[in-house]
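Heads up: the structure comes next, in C-alpha cells.
Every number in this text was worked out from the coordinates using simple rules, so none of it is lab data. Keep in mind that this is a model prediction, so the values were computed, not measured. All Cβ positions, even for glycine, are placed from backbone atoms using ideal geometry, and neighbour counts span all protein chains on display.
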Amino acid sequence: MPYAHITGWGISVPEPVLTNDDLAKMVDTNDQWIRERTGIRERHIAREDQFPSTLGVEASLKALEVANLAPTDIDLIICTSSSPEYIWPPTACLIQDQIGATKAGAFDIQAVCTGFIFATNMAAQSIRSGAIKNALIIGTETLSRFMNWKDRSTCILFGDGAGAFVLQASDKPGGILSAVMHSDGSGADTLILPGGGARFPANETTVHENKHFVQMDGKAVFRFATRVMGYAAKEALDLAGMTTDDVQWIVPHQANYRIIETAAKYLKMPMDKFVINVERYGNTSTASIPIATVEAVQKGMIKNGDKIVLVGFGGGLTWGALVAEWTGPIPSPKLHVRPTRYRLFARIRSWLLRAVRYIEGVLSRREL
Ligand SMILES: CC(C)(COP(=O)(O)OP(=O)(O)OC[C@H]1O[C@@H](n2cnc3c(N)ncnc32)[C@H](O)[C@@H]1OP(=O)(O)O)[C@@H](O)C(=O)NCCC(=O)NCCS
C-alpha cells in the first residue's frame, strides 16, 4: 500500500495588515484586551480584487514548485474554505482552471476551520487506496468579507490567507501516519454563517438581520475547543502507535493563544513544542494550519524526519487531528518544473473552452 507524503507546500497572505489599534478606531476595543484574551496583534485583510481562488492559486503554485510537480500531473484537488468564492461552483474548480490542472477532479470540502485536516485526510486516503498518485489540498479564506465590522466579539478574531499542500504517493514509509475526524452537529448554531443558504436565502430581511455575517457564541466555542483539541491530538497519536514523546511539533489551529495553552496542559507538553503564529494572522480558519506549518518549515523548525501533529476545531461543530512524518519533496532526476509557466497555457485553454462553448451555443440555437 503506498504512503501519502507531504511533498510540497505554499502560502499566500494578502499584504494589507489590520492592527489591533486600527480595529480600536472601528469598534469599542483596544490592543491590550485583544492581546490578553486572544494573543492576536494583527491580521491580514484581502484587497478588493483578491478572492479565495486568487490566494488559493498563489499558494498552490508555490506548493507545486516545492514538489517539482506540474499542474497537469495532479489527479485530485480538494479545496476547503469557510468563505468560499460562491456557494457553488466549488472554489477548487476555479483554482483547477487557473493553474491548468487539466486532468484533476476538483471539489470542495466544508468542515469550517477543521477543513484542512479533513481534506488532507481524504486526499491521503485516496492515495493510500492506490486510486490516485498526486493531490493538491488548499485552505483559502477571505473571511473578512463575512465579518460584521461593528461586532467587536467576532471581527477582532479573523484574518485572510491561504495555504496549500501537495500530497504524493510513495513506497517509502512516512507521510500521513494517522488521522481522526469528529463532528457534533448539535452545536451547529454556536458558530454559524446563517444567511445565503436554503434556510435563509438572501433578501432584505436577511441583510437587515446581519445573517450574512459570522455569528458566534464565543464562550461556548472556547469551552468546546479547549475540551477537544488535546484529546484529538492524543487520539491520533494513539492510532499511530505513538506518544507525545515521539513528536517534535504540534501545529494547532490558530484561533486563540489561550486555547492552545489549554491543549498544551492537557498533553503535558511545553509551549515551545507548539507552532504558534496567531499573533500575526489571527484566525485564518481553513488556512491557519497550513500557514503555520509552512512558516515553521521555512524557519527551519520542522525538518525532514520530524513527526508532527496537526490539530484543528471549528464550526459544525467539527474537530480532528492527524499525525505526519515530514519527509519533504520526493527526490527525482526530473528537470526543475516551473508551475507558474503553466498559467499562460491555463488562461489560453480556459479562454478557448469558453469560446467553444459560446460558438456551440450559437450553432445549436441556429439548429433549433
Ligand atoms: C471571543 C473571546 C476572545 C471572548 O473572550 P472572553 O474572555 O470569553 O470574553 P467575554 O465574551 O466574556 O467578554 C468579557 C468582557 O469583554 C467585553 N468584550 C467582548 N469583546 C470585546 C472586545 N473585542 N474588546 C473589548 N471588550 C470586549 C465583553 O462585552 C465583556 O464585557 P462585560 O464583562 O462588561 O460584559 C473568547 O470567548 C474566544 O476566544 N472564544 C473562542 C472563539 C473562537 O476561537 N472562534 C473560532 C473557532 S474556529
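Quick one: which of K62/K219; K268/K299; K25/K265; K265/K303; K133/K265; K265/K307 span more than 29 angstrom between C-alpha atoms?
Working: K62/K219 37 Å; K268/K299 25 Å; K25/K265 36 Å; K265/K303 25 Å; K133/K265 39 Å; K265/K307 20 Å.
Too far apart for the 29 Å limit: K62/K219; K25/K265; K133/K265.
Which value, in debye to the nearest 20, describes the size of the charge dipole of the chain about its Cα centre when Lys and Arg Cβ atoms bear +1, Asp and Glu Cβ atoms bear -1, and nothing else is charged?
Details: 38 positive and 37 negative charges, 120 e Å.
Around 580 debye, computed over the chain.
Check each of the trypsin sites (Lys or Arg not before Pro) in the stretch 63-170 and keep only those in coil by DSSP with at most 15 other C-beta atoms within 10 angstrom; list them in order.
K103, K150
Quick one: if the Förster radius is 25 Å, what FRET efficiency do L363 and T102 give, using the C-beta to C-beta distance and rounding to 0.05? Please list the in-between numbers first.
Working: r = 25 Å, r/R0 = 0.99.
The pair L363/T102 has a calculated efficiency of 0.50.
What is the order of H44, H208, fewest Cβ neighbours within 10 Å to most? List each step's numbers first, then the result.
Details: H44 21, H208 8.
Ordered by Cβ neighbours within 10 Å, fewest first: H208, H44.
If you build the convex hull over the alpha carbons only and average its shadow over all orientations, what do you get for the stretch 103-203? Give it in nm² to one decimal. Each step should come with its number before you reach the end.
Numbers: hull surface 36.7 nm².
Computed as one quarter of the Cα hull surface, the answer is 9.2 nm².
Using the Cα atoms as the points, what is the convex hull volume per residue of the stretch 1-90 in Å³?
In the stretch 1-90, the Cα hull volume divided by residue count equals 174 Å³.
Using the basic label-point model (7 angstrom from Cα toward the beta carbon), what is the T340 to S129 distance in nanometres?
3.6
Rule-of-thumb check for the stretch 273-353: C-alpha Rg over 2.2 N^0.38 Å?
Against the compact-globule rule of thumb, the ratio is 1.50.
Quick check on the stretch 3-325: take the gyration tensor over C-alpha atoms, sort the square-rooted eigenvalues as a ≥ b ≥ c, and tell me if it's rounded (a/c under 1.5), prolate or oblate.
Working: a/c = 1.59, a/b = 1.21, b/c = 1.32.
The shape class here is oblate.
Please figure out what share of the DSSP beta bridges in the chain is antiparallel and state it in percent, rounded to the nearest 5.
70
State the answer as a single residue: which of I291, G185, A169 lies farthest towards the positive end of the charge dipole of the chain, with beta carbon charges of +1 for Lys and Arg and -1 for Asp and Glu, about the Cα centre.
Most positive-ward Cα: A169.
Got a sec? Which residues in the stretch 10-27 would a label at R35 touch, if it sits 7 Å along Cα→Cβ and we count backbone N under 19 Å?
What the label zone holds, given the 19 Å backbone N cut-off, is 17-27.
If you rank D171, D97, D217, D108 by fewest surrounding Cβ atoms within 10 Å, what's the result?
The order, fewest Cβ neighbours first, is D171, D217, D97, D108.
For the stretch 65-129, what relative contact order do you get, as a whole percent, if you take Cα pairs closer than 8 Å and at least 6 residues apart? Working shown, then result.
Values: 81 pairs, mean separation 24.6, N = 65.
Once normalised by length, the contact order is 38 percent.
Write down Rg/Rh for the stretch 145-279, rounded to two decimals, with Rg from the C-alpha atoms and Rh from the Kirkwood relation over Cα pairs.
That ratio is 1.04, to two decimals.
Scan the chain and note any complete DSSP helix (H) whose C-alpha atoms cover at least 20 Å along its axis and whose Kyte-Doolittle average is 0.5 or more.
52-67
Using label points projected 7 Å from each Cα along Cα→Cβ, tell me how many nm separate K25 and A202, to one decimal.
About 2.9 nm, to one decimal.
When only C-alpha pairs under 8 Å and at least 6 residues apart count, what is the relative contact order of the chain, in percent?
The normalised contact order for the chain reaches 25 percent.
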